[in-house]
Amino acid sequence: SPAALSVFGYSPEECYKTPNLIKHAVHPDWRKYFEEQWANLIKGEMPPMYEYQFIHKSGEVRWLNQRNILVCDDAGIPIAIEGIVTDITDRKQSEMEIVRMNRTLHILSDVNQALIHITDEAALLNKVCQIVVEVGGYRLAWVAFAEHDEAKTLLPVAHAGFDSGYIESAKLTWEDNERGQGPGGIAIRTGKPCIARNILLDPAFAPWREAGTRAVGTLEQR
């Protein structure tokens, strides 16, 4: 319908011209799920509604809520799928922000308890890493100290989560050179927090990208 233009970004004419355009614009992470729901619908097993992520024509990733019914002819043969799609991006973002804040508060609370009860530095650092992984949901957390040697080495002293040799192979430094442009090196030199939000695209993360993606791939295979 014309109203779908605001939800999907594609006009009815574009949809008619390109078969399965909307189906192919479903976010890759959700495409299998989306196809399963349609297959279930055709079999008469479709739930009343479902949610998934969709790539708008503008490139923006949006959350959609979809309700469908299967239309059959007099012989009971499916001839069409009708439905209502609602953009719920704002609601989902609000929900995820609440979850993120609750998780952060939980991490801070557990870390504060660790500070009170653990007196050994090494044990404390490993416990903090463990909390970040187990409570925060991160795959890997680690701590390094800035050495004042000639290479300005970042020395790993604690970690938790999946490693597979990644930390050892990183060979980090806080020197202002290629291997010192990671979040750790920059944070130490500037005295400010530094975040790499996308290690696949961040050019500063190039020296560790291959090892990092290989480690993630090994984890996913497990």
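The values are calculated or read from the model by the stated rules, or taken from the named source; none is laboratory data. All figures in this text were calculated on a predicted structure; none of them were measured in a lab. Every residue, glycine among them, receives a Cβ derived from its backbone with ideal geometry; neighbour counts consider all protein chains shown. Remember, those area values only see protein heavy atoms, side chains included, never the ligands or the DNA or RNA. Shrake-Rupley method; radii C 1.70, N 1.55, O 1.52, S 1.80 Å.
Descriptive notes on the structure:
- Ligands, DNA and RNA are left out, and with a 1.4 angstrom probe the accessible area of region 71-204 is 68 Å² per residue.
- Proximal aspartates and glutamates to Lys152, defined as alpha-carbon separation beneath 12 angstrom and excluding residues fewer than eight positions away on the same chain: Glu175, Asp176
- Over the chain, DSSP H runs of length four or greater, each weighted -39,500 (n - 2.57), average out per residue to a 222 nm ellipticity of -14000 deg cm²/dmol.
- Solvent-accessible surface (1.4 angstrom probe) belonging to His159, in square angstrom, nearest 10: 80
- Candidate values [x] 174, 29, 28; [y] 47, 38, 35; [z] 80, 39, 31, label of the one derived for Cα extents along the principal axes in Å: [z]
- Separation of region 151-194 and region 95-111, taken as the distance between their Cα centroids, equals 26 angstrom.
- Global form of region 51-117, assessed from the alpha-carbon gyration tensor, a/c cut-off 1.5: prolate
- Once all protein chains are placed together, Thr119 keeps about 140 Å² accessible to a 1.4 angstrom probe.
- Rounded to the nearest 10 degrees, the inclination of helix 121-134 to the longest alpha-carbon principal axis of the chain is 0 degrees.
- Charged neighbours of Val157, selected by a Cβ distance under 11 Å, balance to -2 (K, R count +1; D, E count -1).
- In the chain, Cα pairs under 8 Å separated by at least six residues give a relative contact order of 9 percent.
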